1. Taking into account only those residues within the range 81-113 that are hydrophobic (A, V, I, L, M, F, W, C) and more than 18 Å from Ala2 (Cβ to Cβ), which is modelled with the lowest pLDDT?
2. Looking at the range 4-20 only, could you name the residues that are open to solvent by 30 Å² or more (accessible area, probe 1.4 Å) and closer than 16 Å to His100 by Cβ?
3. Restricting to the range 56-90, name every residue that is in a helix (DSSP H, G or I), in contact (Cβ under 8 Å) with a residue 24 or more places away in the chain and open to solvent by 50 Å² or more (accessible area, probe 1.4 Å).
4. Can you tell me which residue in the range 33-55 is least open to solvent (accessible area, probe 1.4 Å), limited to those that are among the acidic types (Asp, Glu) and more than 24 Å from Gly101 (Cβ to Cβ)?
Amino acid sequence: MAVDLLQDDMEFTPKCEAALIEIFERYDKDKDGALNDAELTAFAIFANGEPFTEADLEDIRDHLKCTKDGGLLREGFLQMYSLQTNAGDEDETWKDLKKHGYNEELELINDADIVATTKGSTDPSIDSESDKTE
């Protein structure tokens, strides 16, 4: 059985929040604390298979915590998942967590292929332990 994503007060559990922050940081390539359009697009394509629409981006900028330039702040990223999870779409949140390499205990599994893909690594020395041959 999977661990809870939300506490009784409907806030994320510490493990869930830590996992979401780690995912956010993978996409924040320029390390400015916000996801710009290119970083948001990379996230959307990996998580959903397609980029956000202009309407989606407008909703993000209008309703979530963003910079003056429209970059989605870490707080806004957490807010996006909070709205989704609290609205009863916990399965979608789990889908994203698992796609980003988390198991049902909210532990990042040793799958360097997932992490390398989301971090945009092209380093061939990064591979999963199970793929290594002596």
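The values are calculated or read from the model by the stated rules, or taken from the named source; none is laboratory data. Remember, it's a predicted structure, so these values are computed and weren't measured experimentally. In this analysis, Cβ positions are derived from the backbone assuming ideal geometry, glycine residues included, and neighbour counts consider all displayed protein chains. Please note that ligands, DNA and RNA were not included when accessible areas were found on the heavy atoms of the full protein model with its side chains. Shrake-Rupley method; radii C 1.70, N 1.55, O 1.52, S 1.80 Å.
1. Ala112
2. Correct list: Lys15, Glu17, Ala18.
3. Hits for the range 56-90 are Arg74, Asn86, Glu90.
4. For the range 33-55, the residue satisfying everything is Asp37.
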